[in-house]
Amino acid sequence: MDREKQTTLVRAIGRWSLVALVLNSIIGSSVFGLPSVVAGLLGRASPLAYLFAAAGIGVITVCFAEVASRFREAGGAYLYARAAFGRFIGIQVGWLGWLTRISAMAANANLFVIYLAEFWPRASQPLPRFVILTLLVGGLAAVNYCGVRAGVQMSNVFTLAKLLPLAIFIAVGLFFLRGGSHAVAQPAGAGAWLDAVLLLAFAYGGFESAMIPMAEAKNPSRDAPFALLVGLVATTVVYTLVQVVVIGALAEPAASDRPLAVAARQFLGPVGAALMSAGALVSVYVLMSSSVLNAPRLTYALAERGDFPLAFAAVHQRFRTPHVSMVAYALLTWLLTVAGTFRWNATLSAVARLFMYGSVCAALLALRRKQPGAEAFRLPAGPLFAALGIAFCLVLVSRMGRTDAIIVAATAALALANWLWARRRSAE
(Lines give C-alpha, C1' and ligand atoms only; values in the text may rest on other atoms or scores of the structure.)
Protein backbone atom coordinates (compact mmCIF):
# COMPACT_ATOMS: atom_id res chain seq x y z
CA MET A 1 0.00 0.00 0.00
CA ASP A 2 2.78 2.45 0.88
CA ARG A 3 4.49 1.73 -2.41
CA GLU A 4 1.26 2.36 -4.32
CA LYS A 5 0.80 5.70 -2.60
CA GLN A 6 4.26 6.74 -3.62
CA THR A 7 3.97 5.76 -7.27
CA THR A 8 0.44 6.84 -8.25
CA LEU A 9 -1.00 10.25 -9.03
CA VAL A 10 -3.25 12.01 -6.53
CA ARG A 11 -6.85 13.09 -7.24
CA ALA A 12 -6.74 16.76 -6.31
CA ILE A 13 -8.77 18.49 -9.08
CA GLY A 14 -12.35 19.30 -8.06
CA ARG A 15 -15.25 20.57 -10.22
CA TRP A 16 -14.49 24.30 -10.09
CA SER A 17 -10.78 23.69 -10.26
CA LEU A 18 -11.46 21.78 -13.48
CA VAL A 19 -13.55 24.71 -14.78
CA ALA A 20 -10.64 27.03 -13.98
CA LEU A 21 -8.27 24.62 -15.72
CA VAL A 22 -10.47 24.60 -18.85
CA LEU A 23 -10.68 28.41 -18.92
CA ASN A 24 -6.96 28.76 -18.33
CA SER A 25 -6.28 26.21 -21.05
CA ILE A 26 -8.33 28.21 -23.59
CA ILE A 27 -7.94 31.90 -22.75
CA GLY A 28 -4.34 32.93 -23.22
CA SER A 29 -2.38 34.38 -26.09
CA SER A 30 -5.15 34.18 -28.68
CA VAL A 31 -7.44 36.81 -27.16
CA PHE A 32 -4.53 39.25 -27.01
CA GLY A 33 -2.86 38.41 -30.33
CA LEU A 34 -5.48 37.22 -32.83
CA PRO A 35 -7.95 40.17 -32.91
CA SER A 36 -5.62 42.09 -35.20
CA VAL A 37 -5.03 39.08 -37.47
CA VAL A 38 -8.75 38.24 -37.77
CA ALA A 39 -9.64 41.92 -38.31
CA GLY A 40 -7.04 42.06 -41.07
CA LEU A 41 -8.79 39.16 -42.81
CA LEU A 42 -12.43 40.20 -42.29
CA GLY A 43 -12.60 43.81 -41.11
CA ARG A 44 -15.89 44.81 -39.47
CA ALA A 45 -17.31 41.33 -39.98
CA SER A 46 -14.62 39.74 -37.78
CA PRO A 47 -16.84 39.31 -34.66
CA LEU A 48 -19.04 36.99 -36.71
CA ALA A 49 -16.05 34.73 -37.30
CA TYR A 50 -15.79 34.20 -33.56
CA LEU A 51 -19.42 33.08 -33.46
CA PHE A 52 -18.99 30.76 -36.44
CA ALA A 53 -15.86 29.26 -34.91
CA ALA A 54 -17.63 28.87 -31.56
CA ALA A 55 -20.44 26.96 -33.27
CA GLY A 56 -17.98 24.59 -34.94
CA ILE A 57 -15.83 24.09 -31.86
CA GLY A 58 -19.01 23.79 -29.79
CA VAL A 59 -20.00 20.70 -31.78
CA ILE A 60 -16.60 19.19 -31.03
CA THR A 61 -16.76 20.23 -27.37
CA VAL A 62 -20.03 18.41 -26.72
CA CYS A 63 -18.59 15.30 -28.37
CA PHE A 64 -15.60 15.63 -26.04
CA ALA A 65 -18.00 15.97 -23.11
CA GLU A 66 -19.58 12.58 -23.76
CA VAL A 67 -16.36 10.77 -24.59
CA ALA A 68 -14.37 12.27 -21.68
CA SER A 69 -17.08 11.32 -19.18
CA ARG A 70 -16.39 7.64 -19.94
CA PHE A 71 -12.82 7.69 -18.58
CA ARG A 72 -11.09 8.20 -15.26
CA GLU A 73 -7.50 7.75 -16.43
CA ALA A 74 -4.94 10.21 -17.76
CA GLY A 75 -4.47 10.57 -21.50
CA GLY A 76 -7.29 12.63 -23.02
CA ALA A 77 -7.80 12.23 -26.78
CA TYR A 78 -5.03 9.61 -27.00
CA LEU A 79 -6.82 7.43 -24.48
CA TYR A 80 -10.18 7.84 -26.23
CA ALA A 81 -8.76 6.98 -29.66
CA ARG A 82 -6.90 3.97 -28.28
CA ALA A 83 -10.01 2.62 -26.59
CA ALA A 84 -12.13 3.22 -29.69
CA PHE A 85 -9.78 2.24 -32.53
CA GLY A 86 -6.79 0.43 -31.06
CA ARG A 87 -3.12 1.09 -30.40
CA PHE A 88 -2.06 2.37 -33.84
CA ILE A 89 -4.63 5.18 -34.03
CA GLY A 90 -4.15 5.91 -30.34
CA ILE A 91 -0.43 6.49 -30.78
CA GLN A 92 -1.02 8.65 -33.86
CA VAL A 93 -3.46 10.83 -31.91
CA GLY A 94 -1.09 10.91 -28.95
CA TRP A 95 1.75 12.31 -31.04
CA LEU A 96 -0.54 14.87 -32.70
CA GLY A 97 -1.76 15.86 -29.25
CA TRP A 98 1.82 16.33 -28.11
CA LEU A 99 2.58 18.48 -31.18
CA THR A 100 -0.55 20.52 -30.47
CA ARG A 101 0.40 21.25 -26.88
CA ILE A 102 4.06 22.02 -27.61
CA SER A 103 3.28 24.44 -30.46
CA ALA A 104 0.48 26.10 -28.46
CA MET A 105 2.81 26.61 -25.52
CA ALA A 106 5.43 28.06 -27.87
CA ALA A 107 2.89 30.47 -29.37
CA ASN A 108 1.93 31.69 -25.91
CA ALA A 109 5.53 32.17 -24.87
CA ASN A 110 6.24 34.27 -27.96
CA LEU A 111 3.23 36.50 -27.30
CA PHE A 112 4.41 36.93 -23.72
CA VAL A 113 7.58 38.54 -25.08
CA ILE A 114 5.56 40.73 -27.49
CA TYR A 115 3.46 42.22 -24.68
CA LEU A 116 6.42 42.48 -22.32
CA ALA A 117 7.91 44.87 -24.87
CA GLU A 118 5.21 47.38 -23.83
CA PHE A 119 7.13 47.77 -20.56
CA TRP A 120 10.62 46.85 -21.75
CA PRO A 121 11.17 47.47 -25.49
CA ARG A 122 14.44 45.50 -25.49
CA ALA A 123 12.53 42.31 -24.63
CA SER A 124 12.02 41.53 -28.31
CA GLN A 125 15.74 41.69 -29.12
CA PRO A 126 17.43 38.30 -29.68
CA LEU A 127 19.44 37.90 -26.46
CA PRO A 128 16.85 39.26 -23.98
CA ARG A 129 14.16 37.23 -25.78
CA PHE A 130 16.24 34.07 -25.44
CA VAL A 131 16.80 34.65 -21.71
CA ILE A 132 13.14 35.53 -21.03
CA LEU A 133 11.83 32.46 -22.85
CA THR A 134 14.30 30.19 -21.05
CA LEU A 135 13.36 31.53 -17.62
CA LEU A 136 9.65 31.48 -18.45
CA VAL A 137 9.46 27.87 -19.60
CA GLY A 138 11.94 26.63 -16.99
CA GLY A 139 10.22 28.42 -14.11
CA LEU A 140 6.79 27.02 -14.97
CA ALA A 141 8.21 23.52 -15.28
CA ALA A 142 9.79 23.87 -11.82
CA VAL A 143 6.48 24.93 -10.18
CA ASN A 144 4.52 22.04 -11.65
CA TYR A 145 7.36 19.58 -11.05
CA CYS A 146 6.79 20.09 -7.33
CA GLY A 147 3.23 18.73 -7.31
CA VAL A 148 -0.20 18.83 -8.93
CA ARG A 149 -1.62 20.83 -6.01
CA ALA A 150 0.88 23.62 -6.66
CA GLY A 151 -0.14 23.74 -10.31
CA VAL A 152 -3.87 23.62 -9.54
CA GLN A 153 -3.60 26.35 -6.90
CA MET A 154 -1.76 28.59 -9.36
CA SER A 155 -4.49 27.94 -11.94
CA ASN A 156 -7.28 28.80 -9.47
CA VAL A 157 -5.65 31.93 -8.05
CA PHE A 158 -4.92 33.50 -11.40
CA THR A 159 -8.20 32.70 -13.18
CA LEU A 160 -9.82 35.90 -11.92
CA ALA A 161 -6.57 37.81 -12.36
CA LYS A 162 -6.58 37.01 -16.09
CA LEU A 163 -10.32 37.63 -16.59
CA LEU A 164 -10.54 40.93 -14.70
CA PRO A 165 -8.53 43.06 -17.20
CA LEU A 166 -10.59 41.60 -20.06
CA ALA A 167 -13.83 42.41 -18.23
CA ILE A 168 -12.67 46.01 -17.69
CA PHE A 169 -11.60 46.29 -21.34
CA ILE A 170 -15.00 45.06 -22.55
CA ALA A 171 -17.13 47.12 -20.15
CA VAL A 172 -15.28 50.41 -20.59
CA GLY A 173 -14.76 49.89 -24.32
CA LEU A 174 -18.43 49.19 -25.02
CA PHE A 175 -19.49 52.20 -22.91
CA PHE A 176 -17.22 54.67 -24.67
CA LEU A 177 -17.68 53.30 -28.18
CA ARG A 178 -21.45 52.72 -27.94
CA GLY A 179 -21.27 50.03 -30.63
CA GLY A 180 -19.59 52.21 -33.27
CA SER A 181 -16.84 50.85 -35.47
CA HIS A 182 -13.83 52.65 -36.91
CA ALA A 183 -12.51 49.59 -38.73
CA VAL A 184 -12.52 49.71 -42.51
CA ALA A 185 -15.23 47.69 -44.21
CA GLN A 186 -13.76 45.24 -46.66
CA PRO A 187 -15.12 42.37 -48.74
CA ALA A 188 -13.85 38.96 -47.73
CA GLY A 189 -13.98 35.81 -49.78
CA ALA A 190 -14.54 32.25 -48.62
CA GLY A 191 -10.80 31.68 -48.31
CA ALA A 192 -10.39 34.57 -45.86
CA TRP A 193 -13.28 33.30 -43.76
CA LEU A 194 -11.84 29.79 -43.64
CA ASP A 195 -8.38 31.13 -42.74
CA ALA A 196 -9.92 33.19 -39.94
CA VAL A 197 -11.90 30.26 -38.55
CA LEU A 198 -8.79 28.04 -38.76
CA LEU A 199 -6.87 30.51 -36.59
CA LEU A 200 -9.83 30.71 -34.22
CA ALA A 201 -9.71 26.94 -33.85
CA PHE A 202 -6.46 27.73 -32.03
CA ALA A 203 -8.22 30.44 -30.00
CA TYR A 204 -11.03 28.15 -28.85
CA GLY A 205 -8.79 25.13 -28.54
CA GLY A 206 -6.97 24.02 -25.44
CA PHE A 207 -9.98 22.61 -23.62
CA GLU A 208 -8.87 19.15 -24.68
CA SER A 209 -5.65 19.51 -22.69
CA ALA A 210 -7.67 20.00 -19.51
CA MET A 211 -9.04 16.49 -20.08
CA ILE A 212 -5.58 14.91 -20.05
CA PRO A 213 -4.98 14.79 -16.25
CA MET A 214 -8.26 12.98 -15.43
CA ALA A 215 -6.33 10.52 -13.26
CA GLU A 216 -5.99 13.48 -10.88
CA ALA A 217 -9.63 14.67 -11.09
CA LYS A 218 -11.95 13.83 -8.20
CA ASN A 219 -15.04 12.98 -10.28
CA PRO A 220 -14.23 13.19 -14.01
CA SER A 221 -17.44 11.55 -15.28
CA ARG A 222 -19.53 14.27 -13.62
CA ASP A 223 -17.20 17.24 -13.76
CA ALA A 224 -15.69 16.98 -17.26
CA PRO A 225 -18.91 17.77 -19.23
CA PHE A 226 -19.78 20.61 -16.84
CA ALA A 227 -16.34 22.20 -17.10
CA LEU A 228 -16.22 21.91 -20.90
CA LEU A 229 -19.61 23.53 -21.45
CA VAL A 230 -19.02 26.35 -18.96
CA GLY A 231 -15.65 27.02 -20.58
CA LEU A 232 -17.13 27.19 -24.09
CA VAL A 233 -19.90 29.65 -23.17
CA ALA A 234 -17.64 31.93 -21.14
CA THR A 235 -14.94 31.97 -23.80
CA THR A 236 -17.36 32.75 -26.62
CA VAL A 237 -18.75 35.77 -24.77
CA VAL A 238 -15.32 37.13 -23.91
CA TYR A 239 -13.78 36.61 -27.36
CA THR A 240 -16.67 38.09 -29.32
CA LEU A 241 -17.00 41.21 -27.16
CA VAL A 242 -13.24 41.81 -27.18
CA GLN A 243 -13.27 41.74 -30.98
CA VAL A 244 -16.19 44.20 -31.06
CA VAL A 245 -14.24 46.64 -28.90
CA VAL A 246 -11.03 46.27 -30.92
CA ILE A 247 -12.65 47.03 -34.28
CA GLY A 248 -14.64 49.82 -32.66
CA ALA A 249 -11.59 51.53 -31.22
CA LEU A 250 -9.08 51.12 -34.05
CA ALA A 251 -9.32 52.27 -37.64
CA GLU A 252 -6.56 49.82 -38.62
CA PRO A 253 -6.67 46.99 -36.04
CA ALA A 254 -4.44 44.80 -38.20
CA ALA A 255 -1.55 47.26 -37.88
CA SER A 256 -0.57 46.30 -34.32
CA ASP A 257 0.74 43.06 -32.80
CA ARG A 258 -0.62 44.27 -29.42
CA PRO A 259 -4.20 45.15 -30.45
CA LEU A 260 -5.78 45.20 -26.97
CA ALA A 261 -3.11 47.48 -25.54
CA VAL A 262 -3.41 49.88 -28.49
CA ALA A 263 -7.23 49.84 -28.31
CA ALA A 264 -7.24 50.43 -24.54
CA ARG A 265 -4.95 53.42 -25.05
CA GLN A 266 -7.73 55.02 -27.14
CA PHE A 267 -10.28 55.16 -24.31
CA LEU A 268 -8.21 54.69 -21.14
CA GLY A 269 -4.93 56.34 -22.10
CA PRO A 270 -1.48 55.00 -21.16
CA VAL A 271 -2.92 53.44 -17.99
CA GLY A 272 -5.27 51.35 -20.11
CA ALA A 273 -2.46 50.19 -22.38
CA ALA A 274 -0.40 49.20 -19.36
CA LEU A 275 -3.38 47.39 -17.80
CA MET A 276 -4.02 45.31 -20.90
CA SER A 277 -0.34 44.54 -21.37
CA ALA A 278 -0.13 43.39 -17.77
CA GLY A 279 -3.32 41.39 -18.24
CA ALA A 280 -1.84 39.73 -21.32
CA LEU A 281 1.29 38.76 -19.40
CA VAL A 282 -0.76 37.26 -16.56
CA SER A 283 -3.15 35.49 -18.94
CA VAL A 284 -0.42 33.95 -21.04
CA TYR A 285 1.60 32.97 -17.98
CA VAL A 286 -1.37 31.19 -16.41
CA LEU A 287 -2.28 29.38 -19.64
CA MET A 288 1.29 28.21 -19.93
CA SER A 289 1.17 27.01 -16.34
CA SER A 290 -1.97 25.00 -17.14
CA SER A 291 -0.24 23.54 -20.20
CA VAL A 292 2.78 22.44 -18.16
CA LEU A 293 0.35 20.81 -15.72
CA ASN A 294 -1.69 19.05 -18.45
CA ALA A 295 0.55 18.08 -21.34
CA PRO A 296 3.15 15.89 -19.56
CA ARG A 297 0.30 13.63 -18.44
CA LEU A 298 -0.08 12.67 -22.11
CA THR A 299 3.32 11.02 -22.44
CA TYR A 300 2.79 9.60 -18.95
CA ALA A 301 -0.40 7.93 -20.21
CA LEU A 302 1.35 6.62 -23.34
CA ALA A 303 4.16 5.10 -21.27
CA GLU A 304 1.75 3.71 -18.69
CA ARG A 305 0.12 1.61 -21.41
CA GLY A 306 3.40 0.45 -22.95
CA ASP A 307 3.13 2.79 -25.95
CA PHE A 308 6.14 4.90 -24.96
CA PRO A 309 9.41 4.25 -23.09
CA LEU A 310 8.63 3.26 -19.51
CA ALA A 311 10.71 6.12 -18.09
CA PHE A 312 7.99 8.58 -19.14
CA ALA A 313 5.59 6.86 -16.73
CA ALA A 314 7.88 7.50 -13.76
CA VAL A 315 6.20 9.32 -10.84
CA HIS A 316 8.36 11.33 -8.46
CA GLN A 317 8.27 9.62 -5.06
CA ARG A 318 8.03 12.87 -3.13
CA PHE A 319 6.01 15.18 -5.42
CA ARG A 320 3.99 12.43 -7.15
CA THR A 321 4.26 14.11 -10.54
CA PRO A 322 5.33 12.58 -13.89
CA HIS A 323 8.67 14.34 -13.66
CA VAL A 324 10.41 12.72 -16.64
CA SER A 325 7.50 13.55 -18.95
CA MET A 326 7.45 17.08 -17.56
CA VAL A 327 11.13 17.72 -18.21
CA ALA A 328 10.89 16.32 -21.76
CA TYR A 329 7.86 18.51 -22.52
CA ALA A 330 9.52 21.64 -21.16
CA LEU A 331 12.68 21.01 -23.19
CA LEU A 332 10.85 20.46 -26.50
CA THR A 333 8.62 23.45 -25.85
CA TRP A 334 11.65 25.63 -25.21
CA LEU A 335 13.23 24.55 -28.51
CA LEU A 336 10.09 25.32 -30.56
CA THR A 337 9.56 28.58 -28.66
CA VAL A 338 13.01 29.91 -29.43
CA ALA A 339 12.85 28.80 -33.08
CA GLY A 340 9.32 29.95 -33.99
CA THR A 341 6.95 32.94 -33.93
CA PHE A 342 3.50 33.47 -32.44
CA ARG A 343 1.48 33.16 -35.65
CA TRP A 344 3.48 30.23 -37.05
CA ASN A 345 3.13 28.23 -33.83
CA ALA A 346 -0.56 29.17 -33.50
CA THR A 347 -1.36 27.95 -37.01
CA LEU A 348 0.60 24.71 -36.52
CA SER A 349 -1.21 24.06 -33.25
CA ALA A 350 -4.60 24.69 -34.88
CA VAL A 351 -3.90 22.30 -37.76
CA ALA A 352 -2.58 19.51 -35.53
CA ARG A 353 -5.51 19.69 -33.15
CA LEU A 354 -8.07 19.40 -35.97
CA PHE A 355 -6.90 15.84 -36.65
CA MET A 356 -7.19 15.10 -32.95
CA TYR A 357 -10.67 16.67 -32.73
CA GLY A 358 -11.89 14.62 -35.68
CA SER A 359 -10.67 11.43 -34.02
CA VAL A 360 -12.60 12.19 -30.82
CA CYS A 361 -15.81 12.85 -32.78
CA ALA A 362 -15.33 9.50 -34.52
CA ALA A 363 -14.56 7.87 -31.14
CA LEU A 364 -18.00 8.88 -29.89
CA LEU A 365 -19.58 6.64 -32.53
CA ALA A 366 -17.20 3.74 -31.90
CA LEU A 367 -17.48 3.87 -28.10
CA ARG A 368 -21.26 3.91 -28.23
CA ARG A 369 -21.07 0.61 -30.09
CA LYS A 370 -18.36 -0.87 -27.88
CA GLN A 371 -19.65 0.38 -24.52
CA PRO A 372 -23.42 0.79 -24.91
CA GLY A 373 -24.10 0.60 -21.17
CA ALA A 374 -21.26 2.82 -19.94
CA GLU A 375 -22.11 5.19 -17.10
CA ALA A 376 -21.48 8.52 -18.80
CA PHE A 377 -23.00 11.75 -20.04
CA ARG A 378 -24.98 10.92 -23.19
CA LEU A 379 -25.20 13.62 -25.85
CA PRO A 380 -28.64 13.88 -27.53
CA ALA A 381 -28.32 13.29 -31.28
CA GLY A 382 -24.71 12.23 -30.67
CA PRO A 383 -24.12 10.66 -34.13
CA LEU A 384 -25.28 13.86 -35.84
CA PHE A 385 -22.95 16.01 -33.73
CA ALA A 386 -20.09 13.60 -34.40
CA ALA A 387 -20.65 13.78 -38.17
CA LEU A 388 -20.84 17.60 -38.08
CA GLY A 389 -17.65 17.76 -36.01
CA ILE A 390 -15.75 15.56 -38.45
CA ALA A 391 -16.98 17.65 -41.41
CA PHE A 392 -15.94 20.88 -39.68
CA CYS A 393 -12.42 19.54 -39.11
CA LEU A 394 -12.05 18.32 -42.71
CA VAL A 395 -13.08 21.69 -44.15
CA LEU A 396 -10.54 23.58 -42.03
CA VAL A 397 -7.75 21.07 -42.67
CA SER A 398 -8.08 21.96 -46.35
CA ARG A 399 -6.50 25.34 -45.47
CA MET A 400 -3.32 23.66 -44.23
CA GLY A 401 -0.12 25.13 -45.68
CA ARG A 402 2.86 23.22 -47.05
CA THR A 403 5.04 23.66 -43.96
CA ASP A 404 2.22 22.58 -41.68
CA ALA A 405 1.58 19.53 -43.86
CA ILE A 406 5.25 18.55 -43.74
CA ILE A 407 5.40 18.82 -39.94
CA VAL A 408 2.15 16.88 -39.48
CA ALA A 409 3.41 14.19 -41.89
CA ALA A 410 6.72 13.98 -40.01
CA THR A 411 4.82 13.63 -36.74
CA ALA A 412 2.71 10.83 -38.21
CA ALA A 413 5.90 9.09 -39.38
CA LEU A 414 7.38 9.31 -35.88
CA ALA A 415 4.13 7.92 -34.49
CA LEU A 416 4.34 5.03 -36.97
CA ALA A 417 7.89 4.24 -35.82
CA ASN A 418 6.68 4.48 -32.21
CA TRP A 419 3.88 2.01 -32.96
CA LEU A 420 6.27 -0.47 -34.61
CA TRP A 421 8.56 -0.23 -31.57
CA ALA A 422 5.64 -0.75 -29.16
CA ARG A 423 4.31 -3.71 -31.11
CA ARG A 424 7.73 -5.38 -31.23
CA ARG A 425 8.23 -4.75 -27.53
CA SER A 426 4.84 -6.34 -26.72
CA ALA A 427 5.76 -9.41 -28.78
CA GLU A 428 9.00 -10.00 -26.86
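In the set (1) under 25 Å from the mean Cα position of the chain (by Cα); (2) part of a loop (DSSP other than H, G, I, E, B); (3) more than 29 Å from residue 55 (Cβ to Cβ), residue 316 fails one condition alone, (1). Count of the stretch 290-311 residues, restricted to those that are assigned to a helix (DSSP H, G or I) and surrounded by fewer than 23 Cβ atoms within 10 Å (Cβ to Cβ), is 4. Take the residues of the stretch 241-268 that are surrounded by fewer than 24 Cβ atoms within 10 Å (Cβ to Cβ) and of a type in the set (S, T, N, Q): which is modelled with the lowest pLDDT? Once the filter is applied, the top-ranked residue is 256.
The single residue among 111, 99, 116 that is surrounded by fewer than 24 Cβ atoms within 10 Å (Cβ to Cβ) and under 18 Å from residue 343 (Cα atoms) turns out to be 116.
Listed here are the residues, each with its yes/no results for (1) over 22 Å from residue 165 (Cα atoms); (2) buried (at least 18 other Cβ atoms within 10 Å of the Cβ).
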site	(1), (2)
209	yes, yes
225	yes, yes
231	no, yes
234	no, no
239	no, yes
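Just one of (1) within 23 Å of residue 293 (Cβ to Cβ); (2) in contact with a Lys or Arg (Cβ under 8 Å, 6 or more places away or on another chain); (3) at pLDDT below 90; (4) charged (D, E, K, R) fails for residue 82. It is (3). Looking at this structure, is residue 347 farther than 29 Å from residue 293 by Cβ and either under 18 Å from the mean Cα position of the chain (by Cα) or of a type in the set (S, T, N, Q) (or both)? The answer is no for residue 347. Screening residue 328 against (1) within 19 Å of the chain's Cα centre (by Cα); (2) farther than 25 Å from residue 72 by Cβ; (3) of a type outside the set (Lys, Arg) leaves a single unmet condition, (2). Of the residues 423, 353, 368, 378, the single one that is surrounded by 15 or more Cβ atoms within 10 Å (Cβ to Cβ), among the basic types (Lys, Arg) and more than 18 Å from residue 103 (Cα to Cα) is 368. Candidates 292, 286, 324, 271: the one that is at pLDDT 80 or above, among the aliphatic types (A, V, I, L, M) and farther than 28 Å from residue 427 by Cβ is 271.
Residues in the stretch 18-59 that are at pLDDT below 75 and in a helix (DSSP H, G or I): 1 in all.
Residue pairs whose Cβ atoms lie under 8 Å apart, separated by 6 or more positions or on different chains, with the first residue in the stretch 326-346 and closer than 14 Å to residue 296 by Cα and the second not in a helix (DSSP H, G or I), are 329/295.
The residue that is farthest from residue 403 (Cα to Cα), counting only those in the stretch 338-350 that are surrounded by 22 or more Cβ atoms within 10 Å (Cβ to Cβ) and of a type outside the set (S, T, N, Q), is 342.
The values are calculated or read from the model by the stated rules, or taken from the named source; none is laboratory data. Because the structure is predicted, anything quoted here is derived from the model rather than measured. Counting neighbours? That spans all protein chains shown, and the Cβs are built from the backbone with ideal geometry, glycine included.
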